[in-house]
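Everything below concerns the one structure shown next.
Readers should treat all values here as calculations from the given coordinates under stated rules, not as data from a laboratory. Note that this is a predicted model, so its numbers are computed, not measured. Heads up, the Cβs are rebuilt from the backbone with ideal geometry, glycines too, and the neighbour counts pull from every protein chain shown.
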Amino acid sequence: MGTRFRAVAFTFFISSLFFSLAFSASDDGLLRIGLKKLKFDQNNRLAARLESKDADKLRASIRKYNFWGKYGEPADTDIVALKNYMDAQYFGEIGIGSPPQKFTVIFDTGSSNLWVPSAKCYFSVPCFFHSKYKSSQSSTYKKNGKSAAIQYGTGAISGFFSEDNVKVGHLVVKNQEFIEATREPGVTFLVAKFDGILGLGFKEISVGNSTPVWYNMVKQGLVREPVFSFWLNRNLKEEDGGQLVFGGVDQHHYIGKHTYVPVSQKGYWQFDMGDVLIDGKESGYCNGGCSAIADSGTSLFAGPTTVVAMINHAIGASGVVSQQCKAVVEQYGQMIMELLMAETQPKKVCSQVGLCTFDGTCGVSAGIESVVDEKDGKSSGVNDAMCSVCEMTVVWIQNQLRQNQTQDRILNYVNELCERLPSPMGESAVDCATIPSMPTISFTIGGKVFDLSPAEYILKVGEGAEAQCISGFTGIDIPPPRGPLWILGDMFMGRYHTVFDFGKQRVGFAEAA
């Protein structure tokens, strides 16, 4: 995982997991593992909070990131059915050891390690609520002992590496290195419906330089093609949570053809994308290019706060009134607008009004000392709030000037956007009754526009008058060269069938069937 910008997961769960497992073979030669979908638990204490008036105060954001043999013959492909909990988590079952000890895991394209709770986890309460790996009960266990720690936005896990066989579907990966977690602090893992995480990212972000499970699947010749694909079922009324297909693509899971884009930076499944459209109109923020990550371990969307505020304004989401934002608009809004009208380079505007300095690529805080990168001696400043707000204001005003709005209308609009800034926790509530009238939000990937309807980007919890609705967009700001960055989670992958082509180093999207 290296350095990451891990944030908060949906952890709307507390009871332990019970499900039935079914195996079926079909004419296409694929093995399917059927899982029953967990019903929404009205008696769940945390779920009850979701149905309360405090729902808009909950963390509705992303789960992670902090950038900075004996068991059957190998098969051509393997399918792992996924369990869907409230459209916020998809997980399935694996086995570790001989005989296999069962664990439920999130198959996470945003990380690269496999970890499960250890029987040696004595002092962390979450371990007592989940299945624990017992090395003494496995005939194929090999001691490793190297220490390991993974930091998440909601806590951290730590423990040590071990080696054993890992069974995924009917495939058995031999001598797989994984982490036995001996500490799981925080409520996140206490109430989690999953026992651990199986990372499907690149080795470049693997803690301890451990070889990921997927790499060994390919190396050991267990799959026909170095490709895996996700179909996530967003229909809560159906028992199927979806399917993860190892070694190929199930043609029944998508419509039409996939649009492929090359992986731009290995680690996460990262690629270049174009602008974000709000009701068919460009936001203007990604005209110069943005990056995106397809992440099955993230529930919602995360992207630049500048654009998220514009989206929240368009859909009527209630955010946090930012006094700093309004102060910048009141004191500098007119000046910013005049500089843009005079065709001043947008990146230099905030330095000219005195809120930022300019390092040749972007604004950096004028009020905080620059730090020097020891490797190349280049100065890289630290953005403070006023500089960041100014840069957002420039984008907002520039967008309105393109639409030939009046100056008064532009300043009023920017003030409104200040009120739509997502809270530090990331969540923004919306009125469920207004969902049908909300605009389409679209992402441009590989020259193709991928639309999302309101029902596809709003998370609805509960039914009837008690229902609570939350915007699927949360802000996260990653500076160049890694950013600006969008994280496309389960909401996007539910709408668009996603192919992770390891052999050709590309990601593909097509309309899900």
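One table, with the values for the structure above:
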{"quantity": "Residues whose placed amide H lies under 5 Å from that of Thr498, excluding near-sequence neighbours", "calculated": "Phe230"}
{"quantity": "Relative contact order %, the stretch 92-188, counting alpha carbon pairs below 8 Å whose residues are six or more apart", "calculated": "33 percent"}
{"quantity": "Top positive-direction residue, dipole computed over the stretch 461-513 with Cβ charges, set Ser471, Val461, Phe509", "calculated": "Phe509"}
{"quantity": "Cα gyration tensor shape for the stretch 425-474, rounded if a/c is under 1.5, else prolate or oblate", "calculated": "prolate"}
{"quantity": "When the stretch 180-255 is reduced to its Cα atoms, the Kirkwood hydrodynamic radius in Å", "calculated": "15.3 Å"}
{"quantity": "Ellipsoid equivalent to the stretch 133-221 - semi-axes via the Cα gyration tensor, in Å", "calculated": "22, 16, 14"}
{"quantity": "Alpha carbon Rg of the stretch 221-313, scaled by the compact-globule rule 2.2 N^0.38 Å", "calculated": "1.33"}
{"quantity": "Computed FRET value (nearest 0.05) for Phe128 with Asn209, which takes r as the C-beta separation and R₀ as 41 Å", "calculated": "0.85"}
{"quantity": "HN-Hα J in Hz across the stretch 253-267 - Karplus 6.51, -1.76, 1.60, θ = phi - 60°, x for Gly and Pro", "calculated": "8, 8, 10, x, 10, 7, 9, 9, 10, x, 5, 8, 8, 6, x"}
{"quantity": "Spacing of the two label points (7 Å from each Cα toward its C-beta) at Gln407 and Lys237, in nm", "calculated": "5.5 nm"}
{"quantity": "When each of Lys132/Lys167; Lys167/Lys193; Lys281/Lys504; Lys102/Lys203 is checked by Cα-Cα distance, pairs over 27 Å", "calculated": "Lys281/Lys504"}
{"quantity": "Under 5 Å, built H, 5+ apart or other chain: amide partners of Met273", "calculated": "Cys290, Ser291, Ala292"}
